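Q: Starting off with a structure, shown below.
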Amino acid sequence: MRYSKTLIPTLKEIPAEAEVISHTLMLRAGMIRKLAAGIYSLLPMGVYVTKKVEGIIREEMNRAGAQEVLLPAVQPAELWKESGRWEEYGKELLRFKDRHERDFCFGPTHEEVITDLISKEIRSYRQLPLNLYQIQTKFRDEIRPRFGVMRGREFIMKDAYSFDCDEKGVDESYNRMYDAYCRIFERCGLKFKAVEAETGVIGGSFSHEFMVLADSGEEGIVFCNSCDYAANIDRAEIRTKENGDGGENKEERKEIKKASTPGMKTVEEVSKYLKVRPQDLVKTLIFESENGIIAALVRGDHQINETKLKRFLDSNILLLAGDEAVREVTGAPSGFAGPIGLNIAIFADHGVKGMQNFITGANEIDAHNINVNIGRDFEIKGYGDIRNVKEDDKCPRCGKDANIKRGIEVGHIFKLGTKYSQMLGATYLDSKGEERFIIMGCYGIGVGRTVAAAIEQNHDENGIIWPMPIAPFQVLILPLNTNDTMVMETSEDIYTSLIDKKIDVVIDDRDERPGVKFKDADLIGIPLQIIIGLRNLKEDNIEIKTRRNGEIFKCSVDAVADKIIKLVRQDA
Ligand code: ATP
Ligand code: MG
C-alpha cells in the first residue's frame, strides 16, 4: 500500500471529544471519524486492523468447529415479542416501522433470529451439536455512548450460538468456546482475564466475561493470587466472616443523640467533623425500584453495588432517587437521609448487621444521629450481599488476599439453557423419538472494542504500538529523501520484494520532511520501520527500527527482506 494514495488523516492535536487514550489515538492515527454519537466511520487504517482481528476470530471459530453465517440486521418485532424481549429490552432496542406500518428493530444481538432459524431447520438429534457464528453490525441505543468504538451505538460483533442435545453437550460447547476465546485474545497480544459474570438481559445460567486489564476499563474485577478465583465485581461475593459482618456485638446501646453537621453530606466530611472512623457511619441510599421506593443501608466505608442490590430485590428497575424524591421520602435534602422514621422498606448489607451505636443522617438538614441501633430505633426488612468487594476483603473462595483491578469487557460467553428454545419452540427428536428442547449457548466478542482495548494496552506518548498479529501493516518503509533516485528506487525494490514475500507493507512515498514521516510512523504504530536515507544507503547500511522499544538493526540492502521476515515471524 502506498501512503500517498490512501486516506490516513493523522492529527497533531488531541481531539476534544476523546476521553480515553484509545479513542484519542484512533482519531489521531486517522482510523475512525465520528458521524453521530456512538456512530463511527472506519477509515482504511481502521479497516485493516479490524480485518486482522476478524481474521484471527474466524480462524479460531472455524478451528473450534463453528460455521460462519450472516444473519439480517433488521429483525421483525414478532420474534422479539415471542421471546418476551420486545418489552424487556427497553430503550437500547432501536425500533422502527416499515412502509406497511409493521414493527421492526435493528438487531442488538441475534438469539431470536438464530433460534427461529434452528427451530425450522433442525429436526433430529442427528443434526446436533451445531455452532453457528457471524461477524456483523449491531445497534444498541446505549444510554451513554462513549470512549469511541469502545461503547458505540453501532458496532461490529462476532456472535456465535451453540445448539446441543443435553447438558454434557452444552458444557463441551461452552468449554470449547472458552478455549477459543483464550486463544483469540492471546493471539491479539492482549493481557486478559476470564472472570465469572452476570447474565443480564441475555439471560441464562452461567457466564464468563473476558476482561482486558486496563485502568480505563468500565468494569471492576476481583481476582485471587492464590487460587484461580476471578469474577466481575457485580458477582464477586463478600466473604462474610472475615469482615466481622453479621457478628454479635455486645456493646451497650447508648442513648441516641442528634449532632449538628452543617453542610456535611459525605461520609468523609461527617466522619472528619465528628472525629469518628468512616466505618462508624451507616450510609442510607434511596432507590426507586419495581416495587416502589426503598432504602438501602451500607457501612460508611463500603460502596453499594447496584447490580447486586437489583438482584437481591429481584427488581428489573433500580434507579438512585433524585433530590426531589429523596426530599419527599426523608423530608431532607440528599446527604442527610437516615433510616429512623422512614415509612418505606429498609434493606441492609450484611456488613451493617453487627453494628451498634452508629451514625446516620437524621432526615433533617445539617444534622446526623449518633448512637443509632437496629431493632430499637428502626427495623430492617432484609439483609443481603449488596456491596462491592474492597481492597482489604479476602478471596471468597480460599480466604487469601483478593485483588481488585479494572477491565474492559471484550468478550462474553453464556450458557443459555433452554430459555430461547422454549420461547421460540426449538426442539429436536431424541434417539427414542421423544421431542426435547435444544440447549443453547451464546458467545460474543466486540471487534471494535477489542481493537480499542489493544491500544489501551499498547501505546506510548508518541502513539500506537500494534502487536504484530493485529497491526494494520507489519512493515513501514520510510524513504527519507524522496527527490533522490537511488533512495526511491531502493525503497521501491524493497517494497516489491516484501510484497512478493507476503509481508504486509506500506511505503511512505509522500513528499514530506523526514520529521513529519517519523512522527506519523510512530503515531500509526506499524511494528517495523525500514529507514532509508541517502547516507546509510551509500554505506549499504540500512536501518530497521522496532516501534515497541526503538531497537535498531542495521543491515545491507540485500539482507533486509530476510531480516524483516525473521522479525515478523518472531512476533506473529
Ligand atoms: P456491556 O456490559 O459492556 O454493555 P454487554 O454485556 O451488554 O456489554 P454482550 O451483550 O455480552 O455485552 O455483547 C458481547 C460483546 O459485545 C461484549 O463483550 C462487548 O465486547 C461487545 N459490546 C457490547 N456492547 C458494546 C458497545 N456498545 N460498543 C462496542 N462493543 C460492545
Ligand atoms: Mg450492554
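Q: Can you compute 3J(HN,Hα) from phi for each residue in segment 290-305, using the Karplus curve 6.51 cos²θ - 1.76 cosθ + 1.60 with θ = phi - 60°, rounded to whole Hz and x for Gly and Pro?
A: In residue order, the calculated couplings are 4, 9, x, 7, 9, 10, 10, 10, 9, 4, x, 8, 9, 10, 5, 10 Hz.
Q: Give me the 1.4 Å probe accessible area per residue for the chain, excluding ligands and nucleic acids, in Å².
A: Accessible area per residue, the chain: 46 Å².
Q: Can you give me the Cα centroid spacing of segment 128-155 and segment 458-518 in angstrom?
A: Each part reduced to its Cα centre gives a spacing of 33 Å.
Q: Taking the Cα atoms of segment 473-571, what is the range of coordinates along each of the three principal axes, in descending order and whole Å?
A: 34, 28, 22
Q: For the ranges 105-116, 280-291, 486-497, what's the packing order if you count other beta-carbon atoms within 10 Å of each residue, average per peptide, and put the highest first?
A: On the way: 105-116: 23.0, 280-291: 19.8, 486-497: 16.8.
Top of the packing list down: 105-116, 280-291, 486-497.
Q: Related question: Which three lengths, in whole Å and largest first, does the chain cover when its Cα atoms are put on their principal axes?
A: 93, 69, 53
Q: Tell me, what is the percent relative contact order of the chain, built from C-alpha pairs under 8 Å that lie six or more residues apart? Before the final figure, lay out the partial values.
A: Details: 1215 pairs, mean separation 97.2, N = 572.
Averaging sequence separation for qualifying contacts and normalising by length gives 17 percent for the chain.
Q: A further question follows. Taking a cut-off of 17 Å between Cα atoms, list the aspartates and glutamates near K34, but don't count ones fewer than 8 places away on the same chain.
A: E13, E17, E19, D141, E142, E154
Q: Would you grab the residues whose amide H sits under 5 Å from the one on L43? Only those 5+ places off in sequence or on another chain, please, with H modelled 1.01 Å from N.
A: Amide H to amide H, under 5 Å and 5 or more residues apart or across chains, L43 pairs with I32, R33.
Q: Here's something else I'd like to know. Provide the percentage of antiparallel DSSP beta bridges, counting only those with both residues in segment 242-384; round to the nearest 5.
A: If we restrict to bridges inside segment 242-384, about 65 percent are antiparallel.
Q: Ok, one more. Grab the DSSP H runs of the chain that are 4 residues or longer, score each as -39,500 (n - 2.57), total them, divide by all residues and round the 222 nm result to the nearest 500 deg cm²/dmol.
A: The per-residue figure over the chain is -8000 deg cm²/dmol.
Q: List the cysteines in the chain whose Cβ has no other cysteine Cβ under 4.7 Å from it.
A: If one checks each Cβ against the other cysteines of the chain, C105, C165, C182, C188, C442, C555 turn up with nothing under 4.7 Å.
Q: May I ask which of K283/K394; K519/K554; K51/K502; K168/K415; K138/K191 have a Cα-Cα span longer than 18 Å here?
A: Listed pairs above 18 Å: K283/K394; K519/K554; K138/K191.
Q: For segment 242-384, what is the relative contact order in percent, using Cα pairs closer than 8 Å and at least 6 residues apart in sequence? Walk me through the intermediate numbers first.
A: Values: 282 pairs, mean separation 44.8, N = 143.
Relative contact order comes out at 31 percent.
Q: While we're on this one: Please work out the C-alpha center-to-center distance from segment 334-369 to segment 370-430 and express it in whole Å.
A: Each part's Cα centre sits 24 Å from the other's.
Q: How much net charge surrounds Y89 when only other residues with a Cβ under 12 Å from its Cβ are counted (Lys, Arg +1; Asp, Glu -1)?
A: That sum, taken over residues with Cβ under 12 Å, equals -1.
The values are calculated or read from the model by the stated rules, or taken from the named source; none is laboratory data. Predicted model, so just to flag it, every value in this text is computed and none were measured. So basically every Cβ, Gly included, is an ideal-geometry build from the backbone, and we count neighbours across all protein chains shown. Only protein heavy atoms, including side chains, enter the accessible area calculation; ligands, DNA and RNA are left aside. Shrake-Rupley method; radii C 1.70, N 1.55, O 1.52, S 1.80 Å.
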